[in-house]
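Shown next, in structure tokens, is the structure this report addresses.
The values are calculated or read from the model by the stated rules, or taken from the named source; none is laboratory data. Worth saying up front: this structure is predicted, and the values here are computed from it rather than measured. Neighbour counts run over all protein chains shown; Cβ positions are idealised from the backbone, glycine included.
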Amino acid sequence: MTYESLKPLIYKLDPENAHTLAEFSMRTLDYIFPGGLSFFAKDCVINDEILNQEIFNLNFYNPVGLAGGFDKNATMIRPLSALGFGFLEYGTFTPKPQNGNEKPRLFRLVEQESIQNAMGFNNKGKDAIAKEVKKVYPFSIPLVANIGKNKITPNEEAINDYIILLKEFKDLCDLFVINISSPNTKNLRDLQSEEFVSTLFNQAKEITNKPVILKIAPDMSIDSAISLCKSAISAKADGIIMANTSIDYSLIDNTRTFGGISGRLITQKSAAFFKEVAKEIYQDTILIASGGIDSAELAYERIKNGASLVQIYTAMIFKGPSIVKNINQGLIELLKQDGFNHISQAIGVNFK
């Protein structure tokens with residue numbers, strides 16, 4: 001039975017219930033029939049030297065990762081890895097457990113192959129998540145911890161939440177992502193200031209030698225984004241993820257005016273934002289592209305515009321789990337068509 005044949009049934013479920021069912025199914029398969037993961041991995045994992053990269057002193061056997069938000073509580077790491085991802089991001093999680101925003105808070109925009117979510121960092125908290133990660137870490141592919149602040153923590157004290165998580169997870173991940181760009185925690189995006197970012201990254205480097213990456217929103221002005229990224233880089237940020245979900249509600253008629261939009265609706269916006277910011281900073285740091293990527297062609301364009309790695313999430317919902325394999329196979333073909341022997345030759349080629 002193919003994912004395409006299952007989609008009509010899946011779409012009859014509430015989106016959040018469908019996600020819960022997917023999590024339950026993956027965890028059950030992993031528990032009852034762990035050998036089944038090897039079966040999936042044989043079909044899905046693409047390991048070709050043309051895609052292998054060493055970044056942050058870590059081996060990425062392909063550039064396609066899972067973005068934060070899908071595995072909030074780090075309960076699906078093993079089964080998700082069998083789908084062929086080159087790296088996995090768990091979270092966003094916070095020091096204390098929190099329920100997130102009121103339901104309904106997750107909406108499918110099927111015709112546009114997009115999602116609108118106002119989840120609000122719902123997660124079980126650092127202690128429960130640490131327990132899950134300890135079951136698998138260290139892992140076969142890089143694991144990324146996406147960290148955020150609790151809703152009840154005022155912005156003036158937000159840095160304390162990030163410091164707590166940096167300290168407690170420095171031995172439970174290979175990289176950190178600082179999430180100050182979600183639109184679903186009130187006033188969180190106000191932390192996208194040069195002062196806060198500089199202070200946080202300087203302190204982070206005193207706590208851990210693990211790479212720490214900043215994730216920014218696509219709704220900033222280009223000049224503001226460039227300035228913010230340069231401040232982060234000066235404060236020893238190891239990379240930038242561009243970009244989070246968008247609150248540009250003009251992208252769709254008669255939509256809800258809350259939450260963040262992801263998927264095909266923001267493909268053009270995210271790609272344009274990435275390109276304009278990347279051409280100013282790609283030689284100074286590692287860039288990870290996210291936002292509306294659902295094909296090898298779209299991933300390749302971001303790579304040529306300076307991305308070393310890419311991330312997907314919404315594409316999994318509309319294209320199914322084979323999307324990871326399809327993007328990697330497509331990237332190999334595109335690289336060879338352009339005469340490249342290795343992905344590193346294509347990174348930033350549009351600016352050379």
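Worth pointing out:
- Taken as a whole, the structure leaves Ala67 outside the set of residues that are aliphatic (A, V, I, L, M), free of Cβ contacts under 8 Å to residues at least 24 places away in the same chain and surrounded by 15 or more Cβ atoms within 10 Å (Cβ to Cβ).
- The number of residues in segment 82-102 being charged (D, E, K, R) and either touching a strand residue (DSSP E or B) at 6+ places or on another chain (Cβ under 8 Å) or within 22 Å of Asn62 (Cβ to Cβ) (or both) comes to 1.
- With a requirement of 1 or more residues that are farther than 21 Å from Ile288 by Cβ, at pLDDT 95 or above and among the aromatic types (Phe, Trp, Tyr), the strands (runs of 3 or more DSSP E) lying completely within segment 71-150 that satisfy it span 106-109.
- Flag if Asn59 is in a strand (DSSP E or B), at pLDDT 95 or above and within 17 Å of Phe139 (Cβ to Cβ): yes
- A search for C-beta distances below 9 Å between a residue of segment 35-57 that is closer than 30 Å to Asp238 by Cα and any residue that is among the acidic types (Asp, Glu) and surrounded by 15 or more Cβ atoms within 10 Å (Cβ to Cβ), counting only pairs 6+ apart in sequence or on different chains, returns Phe56/Asp174; Phe56/Asp238.
- Output for segment 110-139, where each listed residue is under 22 Å from Thr267 (Cβ atoms) and either within 16 Å of the chain's Cα centre (by Cα) or surrounded by 20 or more Cβ atoms within 10 Å (Cβ to Cβ) (or both): Ser114, Ile115, Gln116, Asn117, Ala118, Met119
- Residue in segment 23-46 that is of a type outside the set (Asp, Glu), surrounded by 11 or more Cβ atoms within 10 Å (Cβ to Cβ) and under 30 Å from Asn209 (Cβ atoms) present: yes
- Residue count, segment 6-51 (criterion: more than 30 Å from Asn341 (Cβ to Cβ), at pLDDT below 90 and aromatic (Phe, Trp, Tyr)): 3
- Hits in segment 140-158 - residues which are of a type in the set (A, V, I, L, M), farther than 21 Å from Ile77 by Cβ and buried (at least 21 other Cβ atoms within 10 Å of the Cβ): Ala158
- Matching residues, segment 196-251, being part of a strand (DSSP E or B) and more than 15 Å from Ile281 (Cα to Cα): Val212, Ser246
- Lone unmet requirement of (1) in contact (Cβ under 8 Å) with a residue 40 or more places away in the chain; (2) exposed (fewer than 14 other Cβ atoms within 10 Å of the Cβ) for Glu16: (2)
- The residue that is nearest to Pro321 (Cα to Cα), counting only those in segment 1-53 that are assigned to a loop (DSSP other than H, G, I, E, B) and of a type in the set (A, V, I, L, M, F, W, C), is Val45.
- Checking each residue in segment 172-195 for being in contact with a Lys or Arg (Cβ under 9 Å, 6 or more places away or on another chain) and assigned to a loop (DSSP other than H, G, I, E, B) picks out Leu172, Cys173, Asp174, Ile180, Ser181, Ser182, Pro183, Asn184, Thr185, Lys186.
- Among the residues examined, Gly86 qualifies as more than 30 Å from Ile252 (Cβ to Cβ), touching a Gly at 6+ places or on another chain (Cβ under 7 Å) and of a type outside the set (D, E, K, R).
- Note on segment 192-215: residues that are free of Cβ contacts under 8 Å to residues at least 60 places away in the same chain and either touching a strand residue (DSSP E or B) at 6+ places or on another chain (Cβ under 8 Å) or more than 18 Å from Gly148 (Cβ to Cβ) (or both) total 16.
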